[in-house]
Amino acid sequence: MLQSFEVTARPEQGPPRLAALRIELEAEGIDGFLVPRADAHQGEYVSARDERLSWLTGFTGSAGFCVVLRNIAGVFIDGRYRTQVKAQVADDYTPVPWPDVSLADWLKEQLPNGGTVGFDPWLHTPAQIMQAEKALKGTGVALTPCANLVDRIWNDQPGPAAEPAKVHPLEFAGESHAEKRARLAQTIAQTGARCAVITLPDSLCWLLNIRGADIPRNPIVQGFGILHQDGSVDLFIDPDKLTDVTEHLGPDVRCHSTDAFLSALADLTGPVLVDKSSAPVSVADTLGDRVQWGDDPCALPKACKNSAEIEGSAEAHLRDGAAVVELLAWLDAQPVGTLHETQVVSQLEALRRRDNALQDISFETIAGTGPNGAIMHYRVTEETDSPLEEGQLLVLDSGGQYLDGTTDITRTIAIGTPAPEAQAAFTRVLMGMIGMSRLRWPVGLSGRDIEAIGRAPLWYAHQDFDHGLGHGVGAYLSVHEGPQRLSRVSTVPLEPGMILSNEPGYYREGAFGIRIENLLVVTTATAPEDGDAHRAMLNWRTLTFAPIDRRLIVPEMLDTPTRDWLNSYHAETREKIGPRVSDAARAWLDTATAPL
């Protein structure tokens with residue numbers, strides 16, 4: 001569980017590895033090779049064995065890919081990582097702003113006379129390859145499946161994850177896996193498919209009420225599944241992982257080794273439901289014309305939490321909020337200039353570990369002070385560890401994996417006296433966060449329809465941020481969960497029970513960063529007395545409770561409803577968290593949550 005601060009990749013390691021990979025291009029007789037940050041299960045987070053992108057390039061972000069050609073190697077990164085990538089990759093690599101520049105457009109520019117680019121069919125989805133091939137049609141550039149060339153040259157590549165699975169108790173799951181399997185089997189039958197292939201580990205874990213530790217900070221077991229119309233499941237997983245869950249799974253879940261997966265697919269009678277956005281190309285190629293494209297049948301039911309999952313998450317957030325308050329009180333008691341980022345990370349983890357329900361942190365804690373706070377997914381190391389100095393802002397983004405819920409909270413903290421421009425930007429970010437928290441909206445709207453509410457105060461000042469407003473969160477599962485998102489590209493309608501983050505921010509490269517994040521759950525709204533009762537509306541229930549730094553707020557910028565919401569939130573924080581903290585932290589909390 002302890003967070004490590006060691007440097008895991010260095011820019012100077014990249015060039016010799018790139019040279020070795022180009023030798024393999026020659027041997028394979030191709031002009032390029034795609035290196036994604038992905039594994040065969042297409043989750044956001046990967047095990048050490050699958051950190052090919054980081055190993056090759058030095059870039060450690062959670063999204064992106066590299067295209068290695070014989071004369072150029074492009075590292076494709078989105079807006080979250082455009083600062084980070086500059087410090088992590090050698091000059092032999094060329095950062096490419098993605099998705100502003102697509103894979104196809106870049107390949108057409110770099111291979112004007114055409115060429116062949118290889119890819120590992122286990123590490124890419126049909127949706128990705130279809131999109132690129134459509135855009136490359138008629139250019140002479142072809143994508144072709146091949147062996148993984150990075151694995152050929154990675155001599156000390158770690159072995160596969162082998163952690164045992166464990167039962168996720170019914171009191172936290174809220175529904176037995178037999179009930180889930182039967183419910184989803186009906187959904188599959190309605191599509192006309194005979195079965196569905198499940199490749200996302202968090203989907204399998206949710207469906208079967210099991211958890212594991214195959215991915216750092218994510219309680220999942222890696223494997224594949226086939227869910228049949230009769231509700232039975234063929235589960236393909238390392239048998240050694242299942243010792244403690246065999247009785248729990250029962251006779252309707254037939255267990256096989258992972259090596260048997262493709263042969264089982266070959267024997268299926270179609271149609272077979274496959275999610276083109278998450279299954280590997282190898283699955284689609286094996287099934288051929290038996291494929292019926294559709295959504296992962298677990299994705300939406302998993303996203304819409306039941307009452308046990310929601311109340312468990314709410315309770316986990318209160319205990320987690322107490323740990324955060326203890327940290328904030330401790331932090332304020334330290335003389336300015338005496339702490340470093342790593343000390344803050346370690347202290348917060350120690351406070352969370354007092355809770356016996358804590359299984360792990362939910363991601364590597366982000367503790368970035370001053371310019372480091374402008375790196376959105378900053379990971380402090382022994383080499384970057386910086387002191388918290390007078391006038392700086394500290395962005396502290398962290399969370400815990402508890403048996404009853406997953407937390408994710410960000411607070412921006414003033415170290416000493418903040419600069420007026422930082423206070424103004426912080427207040428705009430706060431206004432966006434509160435605006436979203438107060439929102440009611442009609443049933444049927446998706447994240448893209450409402451996420452501008454969280455950006456509008458920044459837009460008036462010609463400011464913005466290059467990440468989504470919010471992501472879905474699992475119930476003691478992945479801290480980043482789909483399909484729900486608060487994003488301008490999300491078309492999935494928001495439904496009751498979905499848990500999402502609300503985290504607007506602002507980042508000034510080389511100076512400071514700001515982010516404020518609470519987790520919210522979608523609920524059915526009750527019409528006010530003067531409202532139209534016949535209109536079905538939704539709103540939010542806040543799960544996260546911890547003070548927002550009043551020293552960074554410019555009160556004159558807040559209108560009355562925004563100020564009232566903040567004062568009410570702080571009063572509720574004081575009421576819910578106060579009894580759970582030490583006397584010293586309670587005294588600090590009373591001051592930190594005083595009305596504006």
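Summed over region 253-266, the residues that are out of contact with any His (no Cβ under 9 Å at 6 or more places or on another chain) and either touching a residue at least 40 places away in the same chain (Cβ under 8 Å) or not aliphatic (A, V, I, L, M) (or both) give a count of 9. Candidates in region 475-530 are the residues that are among the charged types (D, E, K, R), in a strand (DSSP E or B) and in contact with a Ser or Thr (Cβ under 8 Å, 6 or more places away or on another chain); of these, the one that is farthest from ALA546 (Cα to Cα) is ARG515. Within region 510-534, restricting attention to residues that are polar (S, T, N, Q) and surrounded by 14 or more Cβ atoms within 10 Å (Cβ to Cβ), the residue that is nearest to PHE465 (Cα to Cα) is ASN518. Each residue in region 535-561 was checked for being open to solvent by 40 Å² or more (accessible area, probe 1.4 Å) and of a type in the set (Asp, Glu), and 2 of them qualify. Looking only at residues that are within 26 Å of SER62 (Cα to Cα) and touching a helix residue (DSSP H, G or I) at 6+ places or on another chain (Cβ under 7 Å) in region 342-366, which one is surrounded by the fewest Cβ atoms within 10 Å (Cβ to Cβ)? Out of the qualifying residues, it is GLN347. Put simply, of LEU331, LEU318, LEU394 the only residue that is touching a residue at least 24 places away in the same chain (Cβ under 8 Å) and buried (at least 22 other Cβ atoms within 10 Å of the Cβ) is LEU394. Of note, ILE220 satisfies the criterion of being touching a Cys at 6+ places or on another chain (Cβ under 9 Å) and in a loop (DSSP other than H, G, I, E, B). Apart from one condition, PRO371 fits all of (1) outside any helix (DSSP H, G or I); (2) touching a Gly at 6+ places or on another chain (Cβ under 7 Å); (3) surrounded by fewer than 24 Cβ atoms within 10 Å (Cβ to Cβ); the exception is (1).
Give the residues of region 75-87 that are in contact with a Phe, Trp or Tyr (Cβ under 7 Å, 6 or more places away or on another chain) and open to solvent by 40 Å² or more (accessible area, probe 1.4 Å), sorted by residue number. Across region 75-87, there are no qualifying residues. Among the residues making up region 233-276, those that are under 11 Å from ALA196 (Cα atoms), at pLDDT 95 or above and not hydrophobic (A, V, I, L, M, F, W, C) are ASP234, PRO271, ASP275.
How do the pairs read when you match residues in region 90-107 that are surrounded by 18 or more Cβ atoms within 10 Å (Cβ to Cβ) with residues anywhere that are acidic (Asp, Glu), using Cβ under 7 Å and keeping only pairs 6 or more apart or on different chains? Final answer for the pair search is TRP98/ASP78.
Is it fair to say ASP238 is under 28 Å from the mean Cα position of the chain (by Cα), of a type in the set (D, E, K, R) and surrounded by fewer than 24 Cβ atoms within 10 Å (Cβ to Cβ)? Yes; evaluated as a whole, the condition is true for this residue. If I ask for residues that are at pLDDT 90 or above, among the hydrophobic types (A, V, I, L, M, F, W, C) and surrounded by fewer than 20 Cβ atoms within 10 Å (Cβ to Cβ), which ones from region 62-74 would you list? Passing the criteria: LEU69, ILE72. Here MET376 passes the criteria (1) outside any strand (DSSP E or B); (2) over 15 Å from ALA87 (Cα atoms); (3) among the hydrophobic types (A, V, I, L, M, F, W, C) except the one numbered (2).
Checking the stated criteria, LEU396 turns out to be modelled with pLDDT of 95 or more, part of a strand (DSSP E or B) and touching a helix residue (DSSP H, G or I) at 6+ places or on another chain (Cβ under 9 Å).
Every test in (1) in a strand (DSSP E or B); (2) among the β-branched types (Val, Ile, Thr); (3) more than 19 Å from GLY14 (Cβ to Cβ) is passed by VAL75 save one, and that test is (3). Among the criteria (1) in contact with a helix residue (DSSP H, G or I) (Cβ under 6 Å, 6 or more places away or on another chain); (2) open to solvent by less than 20 Å² (accessible area, probe 1.4 Å); (3) at pLDDT 95 or above; (4) of a type in the set (A, V, I, L, M, F, W, C), the one PHE59 does not fulfil is (3). GLU179 meets each of the listed conditions (1) over 20 Å from ALA299 (Cα atoms); (2) open to solvent by 10 Å² or more (accessible area, probe 1.4 Å); (3) of a type outside the set (Val, Ile, Thr); (4) in a helix (DSSP H, G or I) apart from (1). Among all residue pairs at least 6 apart or on different chains, which show Cβ distances below 8 Å where the first residue, located in region 167-187, is without any contact (Cβ under 8 Å) to a residue 12 or more places away in the chain and the second is open to solvent by 60 Å² or more (accessible area, probe 1.4 Å) and assigned to a helix (DSSP H, G or I)? Listed pairs, sorted by first residue: none to list.
The values are calculated or read from the model by the stated rules, or taken from the named source; none is laboratory data. Note that the coordinates shown come from a computational prediction; the quantities given were computed from them, not determined experimentally. No Cβ is skipped: glycine too gets one built from the backbone with ideal geometry, and neighbour counts run over all protein chains shown. Surface areas here come from the heavy atoms of the whole protein model, side chains and all, with no ligands, DNA or RNA. Shrake-Rupley method; radii C 1.70, N 1.55, O 1.52, S 1.80 Å.
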